[in-house]
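Undergrad: My structure is below; once you've seen it, I'll send some questions.
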Amino acid sequence: MQLYPNNGDIDPITNQMDAVQRALMTDRSTASRYGVAVDVLADGTLQAVRIDESVTPFGAALGDLITELVHEALDEARGNVRERLAELSSDPRMAAAVETLGLATERPYPVPPEPTARQEPSDDELTEEELIEQNQRRNQSYW
């Protein structure tokens, strides 16, 4: 028995945002070729480099060293990004934009308007008499 509704039951944008967050935080992939394999997360983090001993006698140690160096470089690059984001977010215009995004999840999901009950037929679908009558109504509305 579910006590609380699923976020997707409340608002589709919340469900979509949760799906993006899960994809960024948990999705991972492995690629391998010629005795070398790498494991990465969706956010670009290198989890591991595995080098088969048949490629080089010190393959396991070399894979660990490469992984460690990549983590150091990635930490430095992310630190630079955090600094730039801090500078950007200190601009009051950006704070207002972020607040607007937060408010979007609190707004109701937009529902498309109902189609009109009666649409005017195109001029091609009208008889000559109906066209004359329609033109007279249009002309009267101008004056």
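The values are calculated or read from the model by the stated rules, or taken from the named source; none is laboratory data. Since we're looking at a predicted model, the values are computed, not measured. Because the Cβ atoms are built from the backbone with ideal geometry, glycine has one as well, and the counts that use them run over all protein chains shown. Note: areas computed on protein heavy atoms with side chains; ligands, DNA, RNA excluded. Shrake-Rupley method; radii C 1.70, N 1.55, O 1.52, S 1.80 Å.
Undergrad: Of the GluC sites (Glu not before Pro) in region 1-107, which ones lie in a loop per DSSP and count no more than 16 other C-beta atoms within 10 Å?
TA: Glu53, Glu106
Undergrad: Another question, if that's okay. As an exercise, use a Förster radius of 35 Å and the Cβ-Cβ distance of Glu125 and Glu99 to find the FRET efficiency, rounded to the nearest 0.05.
TA: E(calc), rounded to 0.05, equals 0.10.
Undergrad: For region 67-113, report the accessible area per residue in Å² (1.4 Å probe, heavy atoms, rounded to an integer).
TA: 86 Å²
Undergrad: In whole angstrom, how far apart do the alpha carbon centroids of region 27-48 and region 51-77 sit?
TA: Centre-to-centre (Cα) distance: 12 Å.
Undergrad: I would also like to ask the following. How big, in percent, is the set of alpha carbon pairs in region 44-105 lying more than 14 Å apart?
TA: Here the long-distance tail beyond 14 Å is 70 percent of all Cα pairs in region 44-105.
Undergrad: Once the Cβ-Cβ distance between Ala31 and Ala61 is put in as r, and R0 is 35 Å, what FRET efficiency do you end up with, to the nearest 0.05?
TA: The calculated FRET efficiency here is 0.95.
Undergrad: State to the nearest 20 debye the size of the charge dipole of region 62-111 about its Cα centre, where the only charges are +1 on K and R beta carbons and -1 on D and E beta carbons.
TA: That gives a dipole near 400 debye.
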